[in-house]
1. Quick check: residue separation of residue 189 and residue 68 times 0.36 nm, minus the Cα distance between them. What number comes out in nm?
2. So what's the gap between the Cα centers of the stretch 100-115 and the stretch 40-63, to the nearest angstrom?
3. In nm, to one decimal, how far is the residue 167 label point from the residue 52 one, both placed 7 Å along Cα→Cβ?
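Just so you know, all these numbers are worked out from the coordinates, no wet-lab data involved. This is a predicted model, so every value here is computed, not measured. Neighbour counts run over all protein chains shown; Cβ positions are idealised from the backbone, glycine included.
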Amino acid sequence: RLMIRKFREEMALALKGTAYWKSMAFMAFCCEPMLANYRLYQHEYKRGNFLALREALNVLWDSALLESPTPYSNQAFRNVYSQNPPGWKTREMSELEHVACDTSAAIAYSMEYGAEGVEDVCDAALWTILSGLGLDPALPYSDLPQPARDLLQQEIQRQRICLDRIMAASDSSKAETIFLLRQEGAAARPSILPTAAIEFSAALIDEEGVK
């Protein structure tokens, strides 16, 4: 947990005082693998609405491009929390249900707090990996099983690369940078699964037409 806290603080500090669009694009990029996780929840439980969350995340990307909340932000925000699992208030949920809550929370934080939400969204993108594996987030990093550490490092590296690209971009290249990050983000695979399981799950989901 200490490792996650230090990393999220590092990301938030790096983006503090930068252009609004940079924080918004970073948070949207963090949310994309979580949205892929949400597809697994919808596939498993046959409930929730992936498209509602996809629309909300699209609003977030648009907010980054426009450097302000879009006219659809309030409605999209209300739609996000309506997609939580039934037991979200009591927290009596399975691993995938926790992951679904993490996803809606991260998108909602981004929309509600804007650039001030970086630390929470970065944290959620890492925390959800432990939730999805059924691990206690309070465990020291050294006590985590190797697959969990591999997935955490994979997401950390992904976020570092995103941050480096955003920080190197000038305001004049804002549209191009957001376009490329948005394309890559939309192709993100679930962050809670290793590569082999990702391919298998994606095939199952595509067969059932969950888009």
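1. Stretched out fully, the residue 189 to residue 68 stretch lengthens by 40.8 nm.
2. Cα centroid to Cα centroid, the span is 12 Å.
3. The modelled label-to-label distance comes out at 3.8 nm.
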